[in-house]
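The values are calculated or read from the model by the stated rules, or taken from the named source; none is laboratory data. Given the structure is predicted, the values throughout are model-derived calculations rather than measurements. Cβ: placed from backbone, ideal geometry, glycine included. Neighbour counts: every protein chain shown. For the accessible areas, the whole protein counts, side chains as well, though only heavy atoms, and no ligand, DNA or RNA atoms are used. Shrake-Rupley method; radii C 1.70, N 1.55, O 1.52, S 1.80 Å.
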Amino acid sequence: MVNNEMLAMILAGGRGSRLKDLTNKVAKPAISFGGKYRIVDFPLSNCANSGVNTVGVLTQYEPVLLNSYVAGGRNWGLDTRNGGVYVLPPREKAESGLNVYRGTADAITQNIDFIDQYDPEYLLVLSGDHIYKMNYAKMLAFHKENKADATIAVIGVPMKEASRFGIMNTDGNGHIVEFEEKPEHPKSNLASMGIYIFSWKVLRRLLIADKTNAESSHDFGKDIIPTLLGDGRRLMAYEFKGYWKDVGTIDSLWQANMDLLDEKSALNLDDDHWKIYTEDATEIPQFIGPDASIDEAYITQGCHVEGAVRRSVVFTGANVGPEAQVCDSVLMPGSQIGRGAKVIRCLVANNVRIAPGATVGSAGSESITLVAHDVKEAE
């Protein structure tokens with residue numbers, strides 16, 4: 001299935017500072033996830049599975065790895081004659097001189113010329129840093145059926161957490177009547193997922209007007225959505241019932257990985273009907289030593305395990321030495337756990353080495369310990 005009506009733009013330029021050292025030199029969407037994937041694999045795979053075959057990826061912060069990874073779209077089967085994945089960094093332009101994206105909406109505005117080449121009827125705007133599986137074709141059908149100017153995907157969150165999100169208040173029929181950005185006293189629990197479908201002609205006019213508005217922050221949530229509501233445009237809330245997580249913090253990234261161990265979780269990466277595609281890394285098979293002990297673990301190709309791994313996710317090329325103990329932890333690609341070391345409730349960053357006999361993390365800790373640098377001696 002190919003959808004020529006709709007073009008997708010993935011916003012992938014943010015720094016992701018809440019992920020601390022993980023994003024010092026790597027853009028958040030390029031962060032590893034789930035053993036062998038990267039976060040950006042999810043929106044790109046959703047596009048491929050939904051028949052959206054032309055995708056722009058808007059990059060800005062530390063883009064080198066991300067740009068090289070997504071360019072062309074081959075990993076997701078998007079390298080077709082009529083489509084492809086296009087990397088769109090900020091450009092200096094004669095009429096504006098800008099070479100940065102000032103906000104999420106401005107990122108789209110600066111690429112109006114790219115979008116106009118395809119003349120889509122609808123524009124799908126996505127975030128590049130969420131973990132979820134969604135059929136965008138169903139959301140488009142909902143948008144068209146309701147003759148909407150904009151459709152915003154929402155998900156129900158616990159009411160006590162609603163103040164952390166942008167909240168869409170509806171009239172009971174799915175029509176959005178009010179948008180509140182992180183309200184202190186939320187009126188509903190319908191949180192914006194940062195997934196939008198716009199009728200392109202409507203959005204295009206609004207973006208051009210917003211471009212020269214000195215008072216605007218050029219952001220979809222702060223400026224574009226409120227303006228559409230103020231103009232009396234028809235906005236609909238598309239309620240999503242599946243798995244979705246914003247992995248913007250160490251704890252949430254850890255939790256999303258741990259969700260893979262839950263047989264009842266809706267985040268099923270073994271689903272043949274909705275595959276998540278990624279780079280086919282050339283690695284040797286995993287090796288599980290004769291004295292290894294494994295219980296509730298996700299062990300990826302290229303791993304070498306000789307110690308004990310319990311309730312943990314072990315990424316490509318990680319090594320767990322003899323007598324080492326890894327519990328309730330995420331070991332990212334290439335991490336090395338020395339003989340007799342203990343790793344408890346940790347997220348260990350790429351290629352970090354933990355020395356023999358060292359202990360990191362604690363079973364009693366409420367938050368997850370990020371281990372982003374080598375631990376050179378027992379602590």
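Brief remarks on what is shown
- Full extension of the segment from S293 to D231, taken as 0.36 nm per residue of separation minus the current Cα-Cα distance, would add 16.1 nm.
- Relative to the longest principal axis of the Cα atoms of the chain, helix 41-50 runs at roughly 50 degrees.
- Listed peptides 324-333, 259-268 appear in the order 324-333, 259-268 once ranked by packing, highest mean of other Cβ atoms within 10 Å at the front.
- The stretch 254-322, relative contact order [Cα under 8 Å, separation at least 6], %: 26 percent
- Restricting the calculation to alpha carbons of the stretch 1-136 gives Rg and Dmax of 14.4, 45 angstrom.
- Here the 3J(HN,Hα) profile of the stretch 292-304, calculated from phi with Karplus coefficients 6.51, -1.76 and 1.60 at θ = phi - 60°, is 6, 10, 10, 9, 6, 9, 9, 10, 9, 4, x, 7, 10 Hz, Gly and Pro shown as x.
- Protein heavy-atom accessible surface, 1.4 Å probe, per residue over the chain: 46 Å².
- Solvent-free Debye scattering, log10 I(q)/I(0), computed from the Cα coordinates of the stretch 328-379 at q = 0.19, 0.30 Å⁻¹: -0.52, -1.23
- Loop-located GluC sites (Glu not before Pro) across the stretch 178-254 with a Cβ neighbour count of 12 or fewer within 10 Å are E184, E215, with loop assigned by DSSP.
- Straight-distance crosslink candidates among aspartates and glutamates, where the alpha carbon sits under 14 Å from K138 and sequence neighbours closer than 8 are dropped: E5, E239
- Paramagnetic reach from Q301 (point 7 Å along Cα→Cβ, amide N under 20 Å) across the stretch 29-70: 31-42, 45, 69-70
- Difference of contour (0.36 nm per residue) and Cα-Cα distance, T249 to S365: 40.1 nm
- For the chain, the longest principal axis of the Cα atoms and the long axis of helix 136-145 meet at an angle of about 20 degrees.
- Modelled FRET efficiency - R0 30 Å, N268 with K187, Cβ distances, 0.05 increments: 0.35
- Accessible surface of the chain [probe 1.4 Å, protein heavy atoms]: carbon and sulfur percent: 45 percent
- If you plug the beta carbon distance of A281 and D171 into 1/(1 + (r/R0)^6) with R0 = 51 Å, you get a FRET efficiency near 0.55.
- What you get for the chain, charging only the Cβ of Lys and Arg (+1) and of Asp and Glu (-1), is a dipole of about 320 debye around the Cα centre.
- Rounded to the nearest 20 debye, the dipole magnitude of the stretch 215-275 is 260 debye, with +1 charges on Lys and Arg beta carbons, -1 on Asp and Glu beta carbons, and the Cα centre as origin.
- Short-range pairs are left out: with C-alpha atoms under 8 Å and at least six residues apart, the relative contact order of the chain is 14 percent.
- Reachable lysines from K376, criterion Cα separation under 29 angstrom, eight or more residues apart if same chain: K20, K25, K28, K36, K342
- The stretch 1-158, relative contact order in percent, only Cα pairs under 8 angstrom and at least six apart counted: 31 percent
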